[in-house]
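> Structure provided below as structure tokens; questions to follow.
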There are 2 protein chains.
Amino acid sequence: MSATDDLADATVFTPLPNNAGVDAAVKAARRVIAALLHAGNNSPAEMGGVADRLNAVAEYVEEHAPPVAERMADMWAGEGFSRHNPVTGPENAIAPPLHFQLRADRSIVGVTTLGLQYQGPPGNVHGGIAALLLDDALGVSNFAAGEPGMTAHLSLDYRKPTPLFTPLTVRAAQQSVDGRKIRTVGTISANGEVCVEAEGLFISMREKNSPSWPMTS
Amino acid sequence: MSATDDLADATVFTPLPNNAGVDAAVKAARRVIAALLHAGNNSPAEMGGVADRLNAVAEYVEEHAPPVAERMADMWAGEGFSRHNPVTGPENAIAPPLHFQLRADRSIVGVTTLGLQYQGPPGNVHGGIAALLLDDALGVSNFAAGEPGMTAHLSLDYRKPTPLFTPLTVRAAQQSVDGRKIRTVGTISANGEVCVEAEGLFISMREKNSPSWPMTS
């Protein structure tokens, strides 16, 4: 069964890029990040000039950014909630980004391919990057199940190296809710084999005012 | 006691930026990443133009990058080993970067302040980013203790929210070596209180050809 069989419908659980806005610039920033890593310190590129050009872009964008307090309020309103996240966010250049889709059983699945900026051991994904993707996936699957929570404990088992430049399937599903305790599991697979398994204990946010997770189609 | 008391000497365990090379460009790329997140989708900045300028930089750098196989070999030779890492690497724009220092007891410590690109809950660090920093810190501390390993299991306890825009102290120390099993612990603290605790089980790399961790001063 392919990773995208058995989807609930065409619903995408995290926002897709909107290239009309900041997303195209963020996509280009991701390309810059990867290019700098591919070039490295022995490249014949004139890096001083590259730095000047990037600083000029940063200065221009900074001049057109709202005050942080205003931006934070906007970030946490409506769809913004998932647009800035370091795993899924089309506004966040450190995010691959990973797009999760909702399945009929309310678990989630997403596929991404990671490049050099996510490298740990030679040719493989950094164990902490795998943890980042899984922590986020578990959190999104709690929203998908209608019972979001804050991470209290996260446990990761590394079964085999997670390869770079290879499609990775990230899955997560809420397993149980006992009072305010939520248990959620997830995996990262490559070439049909599980590379990393995660299990998380989350504390329900039901008692608190928590934003609802945006659904976009 | 401040985070930087009790250091073994002036030894820095991860490379400091070398602004004469690619590092200045990567530093500027980090500034672009943060600026784009601060600006967001409602900024009056002409993001199409920003995208064009960033794509032009990426294209220039890509044209001056070696083939991937050649670059990979270079990345894993000498100091390169720690220069591209997503936590410590001055060549990696997704890295904060975090600089670890070696203490007299061969534990390690580093201080960093994280911005919007690392946000999870409002105003706080993403739990998966905390996991990323700690997995890396545990790995570096295994090198510091002379017994490096591959992560087999990682366990994280989230004690309290880890704040953005606040100096975070990341510590790690190898606890025991039993055959090829290595146990290592670490913490992230803010304002003198532990926010996240990590415990890792690593499998020794002694049997394999493993690169030595570079020491720079």
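The values are calculated or read from the model by the stated rules, or taken from the named source; none is laboratory data. Here the structure is a predicted model, which means the values were calculated and not measured. Note that we place each Cβ from the backbone using ideal geometry, even for glycine, and neighbour counts take in every protein chain shown.
> State all residues of region A:184-196 that are within 19 Å of residue A:103 (Cα to Cα) and buried (at least 17 other Cβ atoms within 10 Å of the Cβ); if no residue qualifies, say none.
Once the filter is applied, which keeps residues that are within 19 Å of residue A:103 (Cα to Cα) and buried (at least 17 other Cβ atoms within 10 Å of the Cβ), region A:184-196 yields A:184, A:185, A:186, A:187, A:188, A:189.
> Assuming residue B:161 fulfils every condition listed in (1) under 21 Å from residue B:192 (Cα atoms); (2) surrounded by 17 or more Cβ atoms within 10 Å (Cβ to Cβ); (3) more than 7 Å from chain A (Cβ to nearest Cβ); (4) under 18 Å from the mean Cα position of the chain (by Cα) apart from one, which condition is it?
Answer for residue B:161: the failing condition is (4).
> Which residues, counting only those in region A:28-37, are within 7 Å of chain B (Cβ to nearest Cβ) and surrounded by fewer than 23 Cβ atoms within 10 Å (Cβ to Cβ)?
Correct list: A:31 only.
> Same structure again: Mind telling me which of the residues B:90, B:86 ends up being facing chain A (nearest Cβ under 7 Å), assigned to a loop (DSSP other than H, G, I, E, B), touching an Asp or Glu at 6+ places or on another chain (Cβ under 9 Å) and within 19 Å of residue B:25 (Cα to Cα)?
B:86
> Of the residues B:92, B:55, B:41, which is in contact with a helix residue (DSSP H, G or I) (Cβ under 7 Å, 6 or more places away or on another chain), closer than 29 Å to residue A:66 by Cβ and touching a residue at least 40 places away in the same chain (Cβ under 8 Å)? Talk me through it step by step, then tell me what you get.
Details: B:55 fails: touching a residue at least 40 places away in the same chain (Cβ under 8 Å); B:41 fails: touching a residue at least 40 places away in the same chain (Cβ under 8 Å).
So the residue among B:92, B:55, B:41 that is in contact with a helix residue (DSSP H, G or I) (Cβ under 7 Å, 6 or more places away or on another chain), closer than 29 Å to residue A:66 by Cβ and touching a residue at least 40 places away in the same chain (Cβ under 8 Å) is B:92.
> Sticking with this structure for a sec: Which of the residues that make up region A:151-204 are acidic (Asp, Glu) and under 12 Å from residue A:130 (Cα atoms)?
Selection gives A:157, A:197.
> Give the number of residues within region B:19-72 that are of a type in the set (A, V, I, L, M), farther than 17 Å from residue A:36 by Cα and touching a Pro at 6+ places or on another chain (Cβ under 9 Å).
Number of matching residues: 1.
> A follow-up question, please. I'd like to check something: does region A:55-68 contain any residue that is farther than 20 Å from residue B:56 by Cα and assigned to a helix (DSSP H, G or I)?
yes
> Taking residue B:55 and the conditions (1) touching a His at 6+ places or on another chain (Cβ under 8 Å); (2) within 8 Å of chain A (Cβ to nearest Cβ); (3) on the phi < 0 side of the Ramachandran plot, which numbered condition does it fall short on, given that it satisfies the others?
All conditions are met except number (1).
> If we scan region A:17-25, do we find a residue that is surrounded by fewer than 24 Cβ atoms within 10 Å (Cβ to Cβ) and either modelled with pLDDT of 90 or more or in a helix (DSSP H, G or I) (or both)? Reasoning before the result, please.
Going through region A:17-25, the residues surrounded by fewer than 24 Cβ atoms within 10 Å (Cβ to Cβ) turn out to be A:17-21, A:23-24.
Subset that is either modelled with pLDDT of 90 or more or in a helix (DSSP H, G or I) (or both): A:23-24.
Scanning region A:17-25 turns up at least one residue that is surrounded by fewer than 24 Cβ atoms within 10 Å (Cβ to Cβ) and either modelled with pLDDT of 90 or more or in a helix (DSSP H, G or I) (or both).
> Of all the residues that make up region B:98-124, how many are buried (at least 20 other Cβ atoms within 10 Å of the Cβ) and free of Cβ contacts under 8 Å to residues at least 60 places away in the same chain?
5
> For region A:71-82, does any single residue satisfy the condition of being buried (at least 21 other Cβ atoms within 10 Å of the Cβ), modelled with pLDDT of 95 or more and under 19 Å from residue B:125 (Cβ atoms)?
no
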